[in-house]
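The values are calculated or read from the model by the stated rules, or taken from the named source; none is laboratory data. As the structure is a prediction and not an experimental result, all values here were calculated from the model. FYI the Cβ positions are ideal-geometry reconstructions off the backbone, even for glycines, and counts take in every protein chain you see. These accessible areas exclude ligands, DNA and RNA; they are computed on the full protein's heavy atoms, side chains included. Shrake-Rupley method; radii C 1.70, N 1.55, O 1.52, S 1.80 Å.
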Amino acid sequence: MPVWSLIYEDFNPDQEKHREALCTLGNGYFATRGALAQSRADETHYPGTYVAGGYNRLKTEMKGKIIENEDLVNVPNWLCLNFRHPDSDWFDIKDVEILEYRQELDMKRGLLIRKVRCADPEGKRTTLTERRLVHMAEPHLAALELIFTPENWSGEVEFRSALDGRVINDGVPRYRNLNNKHLEPVETRSVDPESIYLKVRTNQSRLSIAQAARTRVCRNGDAQEVLREVLEEPGYIAHHFKVHARKGTDICLEKVVSLFTSRDHASAECGLEARNLVRRAGNFEELLHSHTFSWKHLWRRFDIEYEEKPPPKEDRTAMILHLHTFHLLQTTSMHTMDLDVGVPSRGWHGEAYRGHIFWDELFIFPFLNLRVPEITRSLLMYRYRRLKEARNAAKDEGHRGAMYPWQSGSNGREETQRIHLNPKSGRWLPDHSRHQRHVNSAIAYNIFKYYQCTLDMEFLSFYGAEMMLEIARFWSSMSVYNPTLDRYEILGVVGPDEYHEAYPDSDEPGLKNNAYTNVMAVWVFNKALKILEILPEERRREICEVLNLREEELEHWRDISRKMRLVFHGDGIISQFEEYDKLQEFDWEGYQKKYGDIQRLDRILEAEGDSPNRYKASKQADVLMLFYLFSAEELSQIFEQLGYSFEYETIPKNIDYYLKRTSHGSTLSRVVHSWVLARGDRARSWSLFTKALESDISDIQGGTTPEGIHLGAMAGCVDMIQIGYTGLETRGDVLWFNPCLPDELGRLGMQIHYRGHYLSIEIVPGRLKVTACRAREKPIKIGYKDNIYELEEGKTLEIAFSPKAICEVPEK
């Protein structure tokens with residue numbers, strides 16, 4: 001199996017939408033699913049295109065109430081390139097006999113290649129060979145090339161090249177009862193003999209989207225003049241033209257498309273920019289050349305060289321790691337740095353979760369921080385620009401500081417739906433997931449980790465510190481003092497688990513003292529106070545004046561950080577939340593026998609008239625997230641600060657307890673469990689890691705990937721290789737390593753960027769080699785175990801270690 005290509009050797013209608021998501025091409029500015037250029041949205045295909053941050057809101061009446069949802073909009077379909085014989089229907093792959101089919105996603109070059117040999121009902125055999133790209137160097141361009149070859153016939157054939165703005169959002173079946181027509185037509189025209197132009201506008205956010213398409217016809221390398229007919233209707237324009245096809249002779253059609261919106265920088269008017277760019281753009285080969293160079297440069301920065309032992313005949317693991325990295329780079333590319341966008345949990349690959357931004361940054365940023373941290377900085381600025389809305393949200397709930405939403409879209413308001421559909425029962429149910437206030441701690445964590453990797457004092461001084469301090473202020477406001485216990489408590493929240501939204505038989509959403517939420521709040525207080533020490537004195541004084549942050553408030557934070565309540569049960573088990581121990585044990589064996597796949601246990605139980613609120617059953621890691629984010633040393637310090645014991649057995653004991661009670665209903669779940677098990681059970685860790693790798697490529701959740709990839713899980717898998725098994729940790733002014741390779745890993749190699757230093761890292765069983773390719777004036781400090789080494793530019797440090805030594809997986 002080629003490690004740089006995802007290949008399908010057949011056409012499978014039942015799998016087509018899944019493959020379209022996995023074969024999406026994008027450049028950070030926009031993305032297009034890997035649908036056939038001759039397809040239309042139906043039960044088999046969904047040729048969606050999405051602009052980063054392109055949202056629109058619509059209202060729908062549901063159960064007698066008006067609800068409003070904000071969606072990532074499916075913008076006009078630029079792929080449309082089809083053909084037909086005289087007096088015949090337009091080509092549909094489902095209506096022909098397929099003689100040969102091959103589809104390849106070339107990840108090294110960012111190219112989708114498809115070959116179809118088919119015979120129509122009249123016996124005419126034709127070969128269609130397509131190459132497609134979404135340009136990584138020029139973010140407003142895409143192109144496809146179609147080679148049309150008649151094998152056993154000659155005659156007239158009609159082609160159609162179109163831009164279709166009549167599309168709707170129809171990619172998620174459970175959303176189909178909601179209003180989904182987001183686009184209204186503005187303008188269509190034929191620009192010149194080769195080019196057409198379409199402009200539409202979203203009907204609420206008033207975002208204008210302009211596309212221009214240039215279609216050329218060649219035969220034997222020579223341009224062919226064809227007589228074109230223009231077909232126009234509101235939101236749609238097409239060129240129709242006829243060509244005399246000759247048996248065995250290729251007809252080459254080349255379609256180059258430009259896409260602009262009314263929010264682009266340095267733009268006079270999006271329609272004008274689209275028409276100008278498509279006129280000036282080179283041909284397909286010229287565009288491919290510059291596009292390939294851009295991908296070459298990206299892979300130089302981001303690739304992880306990976307070898308299993310013994311070398312497998314088909315290196316599926318390496319291929320999937322490339323696939324995950326590929327989609328990370330298509331969602332958060334160099335072009336992201338110039339955009340006001342966040343990281344959607346499902347990429348720009350589909351309409352699941354409506355393209356919203358959750359907490360997945362927690363899993364994505366570590367990879368970016370050590371490669372191109374400027375991308376992380378721009379994504380953190382998305383949060384900063386919405387700080388005012390977060391303050392308003394906190395105020396509306398009666399709190400101080402900033403309360404960021406669980407789901408964020410255009411302007412940072414809470415976009416979490418009020419009701420959601422259980423497809424198993426067909427019932428619309430209240431959605432309480434907005435009470436996952438821990439998203440605020442995730443944002444604070446990302447800010448501090450970015451600073452640790454970069455020492456970007458400018459960002460910290462003018463943006464990061466303000467967010468951190470306002471989030472700390474929010475947690476202070478959320479913390480309620482219990483005089484009986486002399487402890488502070490956080491009430492009415494939902495933890496990362498998500499199955500537990502309320503106590504059994506309670507009408508009030510939220511839980512008391514979720515351990516993850518409370519510990520993360522303490523960590524936020526500690527780091528907010530630390531940041532005030534780090535800031536230059538003048539800036540510290542300014543920000544305290546602007547926020548009216550006084551010493552008595554800071555002292556209150558210190559008090560909470562020493563007296564936050566955690567709840568325990570049994571033999572040293574950290575209770576996921578207060579009264580967790582009173583819940584019933586769940587019949588895992590019985591339900592697995594009854595249903596087989598019980599990953600979405602919440603849906604199964606609700607369909608039965610039951611609720612996971614009654615059981616010790618989790619969707620994904622909750623308490624164990626603490627062991628994912630923090631080292632044992634840091635957790636021990638926090639527990640000691642709170643006056644609780646943290647023993648050597650605390651981590652393995654809690655891992656064993658909660659892993660038995662988890663359904664892995666989220667693709668993030670196995671990533672986290674793989675990470676925490678790497679401390680003491682490498683074989684089990686590797687097993688969970690390889691299962692996590694399959695989340696999207698095998699669609700292990702049974703139908704979710706066609707709606708969009710799971711970017712957090714993809715990043716988490718890559719991060720497991722980059723950090724989890726290398727023991728790489730940024731702590732203090734030292735870059736620490738503590739390799740912990742599973743038996744299946746033979747070699748790891750990568751390039752990282754840390755505080756201005758460019759390092760080459762190679763790890764094989766028993767040996768770590770770090771080379772300073774480029775460094776700042778001061779030598780970089782490298783740590784291993786209790787030793788710290790200084791490494792100067794051009795020098796290499798080699799460290800021998802025991803490949804079987806027990807190592808601690810670092811904090812993120």
Task: Candidates R206, R131, R174, filtered to the one that is touching a strand residue (DSSP E or B) at 6+ places or on another chain (Cβ under 6 Å) and modelled with pLDDT of 95 or more - done: R131
Task: Unmet requirement for R400, which otherwise passes all of (1) in a strand (DSSP E or B); (2) within 29 Å of Y451 (Cβ to Cβ) - done: (1)
TODO: Report whether or not D95 is out of contact with any strand residue (DSSP E or B) (no Cβ under 9 Å at 6 or more places or on another chain), free of Cβ contacts under 8 Å to residues at least 12 places away in the same chain and not hydroxyl-bearing (S, T, Y).
DONE: no
Open item on the list: Quick check on Y382: is it open to solvent by 30 Å² or more (accessible area, probe 1.4 Å), of a type in the set (F, W, Y) and not in a loop (DSSP other than H, G, I, E, B)?
Closed with: no
Task: Within segment 568-585, considering residues that are surrounded by 14 or more Cβ atoms within 10 Å (Cβ to Cβ) and touching a helix residue (DSSP H, G or I) at 6+ places or on another chain (Cβ under 8 Å), the one farthest from L624 (Cα to Cα) - done: L583
- [ ] Assess whether Q599 counts as being assigned to a helix (DSSP H, G or I), within 24 Å of L668 (Cβ to Cβ) and polar (S, T, N, Q).
- [x] no
Open item on the list: Which pairs turn up if I take residues in segment 413-430 that are closer than 13 Å to K63 by Cβ and look for partners that are of a type in the set (D, E) with beta carbon separation below 8 Å, at least 6 apart in sequence or on another chain?
Closed with: Q417/D431; R418/D431; I419/D431; H420/D431; R427/E606; L429/E606
- [ ] From the list V230, V226, pick out the single residue that is β-branched (V, I, T), open to solvent by less than 80 Å² (accessible area, probe 1.4 Å) and part of a loop (DSSP other than H, G, I, E, B).
- [x] V226
Open item on the list: Looking at (1) open to solvent by 10 Å² or more (accessible area, probe 1.4 Å); (2) of a type outside the set (A, V, I, L, M); (3) under 23 Å from D315 (Cα atoms); (4) not in a helix (DSSP H, G or I), which one does E694 not meet, given that it meets all the others?
Closed with: (4)
Task: Matching residues in segment 774-795 - criterion: being open to solvent by 60 Å² or more (accessible area, probe 1.4 Å), assigned to a strand (DSSP E or B) and not hydrophobic (A, V, I, L, M, F, W, C) - done: R774, K781, N787, Y789, E790
- [ ] State the number of residues belonging to segment 195-209 that are charged (D, E, K, R) and outside any loop (DSSP other than H, G, I, E, B).
- [x] 2
Open item on the list: Against the definition (closer than 25 Å to A528 by Cα and at pLDDT 95 or above), how does F639 come out, yes or no?
Closed with: yes
TODO: State yes or no: is S760 over 30 Å from D170 (Cα atoms), small (G, A, S) and modelled with pLDDT of 95 or more?
DONE: yes
Open item on the list: For a quick check of your reading of the model, give me the residue pairs whose first member lies in segment 2-27 and is of a type in the set (G, A, S), whose second is not in a helix (DSSP H, G or I), with beta-carbon atoms closer than 6 Å and at least 6 apart or on different chains.
Closed with: S5/E104; S5/D106; A21/H349; A21/G350; A21/I709; G26/V134; G26/W348
- [ ] Just give me the residues in segment 507-532 being modelled with pLDDT under 95 and open to solvent by less than 60 Å² (accessible area, probe 1.4 Å), in sequence order.
- [x] none
Open item on the list: Filter segment 138-194 down to the residues that are in a strand (DSSP E or B), open to solvent by 30 Å² or more (accessible area, probe 1.4 Å) and of a type in the set (S, T, Y) and list them by number.
Closed with: T188, S190
Open item on the list: Return the pair list, or none, for Cβ contacts closer than 6 Å from residues in segment 143-160 that are closer than 19 Å to H240 by Cβ to residues that are aromatic (F, W, Y), at least 6 apart or on different chains.
Closed with: V157/F83; F159/F83; F159/F241
- [ ] Quick one: which strands (runs of 3 or more DSSP E) lie wholly within segment 11-80 and hold at least 3 residues that are modelled with pLDDT of 95 or more and open to solvent by 20 Å² or more (accessible area, probe 1.4 Å)?
- [x] 49-62
Open item on the list: Which of the numbered conditions does E744 fail, given that it passes all the others? Conditions: (1) out of contact with any helix residue (DSSP H, G or I) (no Cβ under 8 Å at 6 or more places or on another chain); (2) touching a residue at least 24 places away in the same chain (Cβ under 8 Å); (3) open to solvent by 30 Å² or more (accessible area, probe 1.4 Å); (4) not β-branched (V, I, T).
Closed with: (1)
- [ ] Could you tell me which residue of segment 311-334 is nearest to E138 (Cα to Cα), considering only residues that are over 16 Å from the mean Cα position of the chain (by Cα) and in a helix (DSSP H, G or I)?
- [x] M319
Open item on the list: Among the residues in segment 533-554, are any closer than 28 Å to I651 by Cα and open to solvent by less than 40 Å² (accessible area, probe 1.4 Å)?
Closed with: no
Open item on the list: Against the conditions (1) charged (D, E, K, R); (2) in contact with a helix residue (DSSP H, G or I) (Cβ under 7 Å, 6 or more places away or on another chain); (3) within 25 Å of I574 (Cα to Cα), where does R682 fall short? Just the number, please.
Closed with: (2)
Task: Among the candidates G271, G282, G248, residue that is assigned to a loop (DSSP other than H, G, I, E, B) and either touching a residue at least 40 places away in the same chain (Cβ under 8 Å) or open to solvent by 60 Å² or more (accessible area, probe 1.4 Å) (or both) - done: G248
